[in-house]
Structures are given as C-alpha cells and as structure tokens.
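A.B. asks: Take a look at this one; I'll ask things after.
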Amino acid sequence: MPSVLYSLYYTALQLGTPGVKFMVALDTRSDLFWVPCDNCSRCAPTEDTVYASDFELNIYNPKGSSSSKEVTCNNSLCARRNGCVGTFSNCPYMVSYVSAETSTSGILVENEVIL
C-alpha cells in the first residue's frame with residue numbers, strides 16, 4: 001500500500017531475482033518507476049539523505065538479477081522508438097519534471113516486482 005512522504009507517494013518493493021528491496025516513488029503520470037542504477041551519472045544520493053535513516057537505499061544492478069531484461073525497440077513497451085538506433089537496440093526513455101527542474105533518462109529494463 002502506498003504511503004505519503006512530503007507530498008510524494010512511495011512504496012517499498014523487491015525488484016529482481018533474487019529480490020532487492022527498494023523504496024520507489026510512484027509517478028501518477030507514468031507506469032514506470034525509477035531506481036538508482038549501478039551505471040548512473042548525476043544520480044540522486046543514496047547516503048546521508050533524510051530518507052536514509054528510515055530506509056536502506058540500494059543500487060540496482062541489472063546483471064545481478066536473473067529475471068532482468070533490457071527492453072528493445074521492437075517491444076510494445078518502447079514508446080520512444082524514434083530515439084532508437086535499430087529495431088533490436090535498447091529502448092531509451094526520458095522524462096522531465098517541471099517541479100524542481102528534475103529529469104530522468106536511460107534505457108528501459110523489465111524485471112520482476114514483489115510488493
């Protein structure tokens with residue numbers, strides 16, 4: 001069940017196989033959620049934050065999960081096919097937010113989620 005923290009809806013879940021616990025923000029305008037990845041640049045901090053005392057903030061490693069799959073451009077989940085370099089290349093995403101002038105971008109990855 002989602003909770004509210006500073007006007008942000010979030011929930012805890014396990015991602016991948018084996019499951020790794022994450023606290024994720026729920027974006028009401030998207031069916032995606034974001035976790036800090038092991039090859040992230042300019043990422044939100046996972047240590048010494050206001051949340052770190054309440055939650056262990058993990059880094060996602062897609063190669064560490066046997067159920068992780070990169071989404072290719074020919075997949076129906078890929079909404080940004082125009083950003084693809086080829087049919088079987090990785091599907092890019094980019095979302096920008098007006099609030100706090102933040103954004104996220106990368107490639108889509110599918111994985112198992114346990115609530």
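A.B. asks: Kindly list the number of the only condition in (1) within 13 Å of the chain's Cα centre (by Cα); (2) under 18 Å from VAL24 (Cβ atoms); (3) at pLDDT 90 or above; (4) not hydrophobic (A, V, I, L, M, F, W, C) that fails for GLU70.
C.D. replies: It fails just one condition, (2).
A.B. asks: If you check SER53 against the conditions, is it at pLDDT below 90, under 21 Å from SER105 (Cβ atoms) and assigned to a loop (DSSP other than H, G, I, E, B)?
C.D. replies: no
A.B. asks: Let me ask you something else. Would you tally the residues in region 73-87 being modelled with pLDDT under 90, outside any helix (DSSP H, G or I) and of a type outside the set (A, V, I, L, M, F, W, C)?
C.D. replies: Of the residues in region 73-87, 4 are modelled with pLDDT under 90, outside any helix (DSSP H, G or I) and of a type outside the set (A, V, I, L, M, F, W, C).
A.B. asks: Checking ARG42 against (1) basic (Lys, Arg); (2) out of contact with any helix residue (DSSP H, G or I) (no Cβ under 9 Å at 6 or more places or on another chain); (3) at pLDDT 80 or above: exactly one of these is not met. Which one?
C.D. replies: Unmet for ARG42, out of (1) basic (Lys, Arg); (2) out of contact with any helix residue (DSSP H, G or I) (no Cβ under 9 Å at 6 or more places or on another chain); (3) at pLDDT 80 or above: (3).
A.B. asks: For region 88-109, how many residues meet the condition of being in a loop (DSSP other than H, G, I, E, B) and surrounded by 10 or more Cβ atoms within 10 Å (Cβ to Cβ)?
C.D. replies: The number of residues fulfilling the criteria is 6.
The values are calculated or read from the model by the stated rules, or taken from the named source; none is laboratory data. Bear in mind that the values here come from a model prediction, so they are computed numbers and not experimental data. Here the Cβ is made from the backbone with ideal geometry for all residues, glycine too, and neighbour counts use every protein chain on show.
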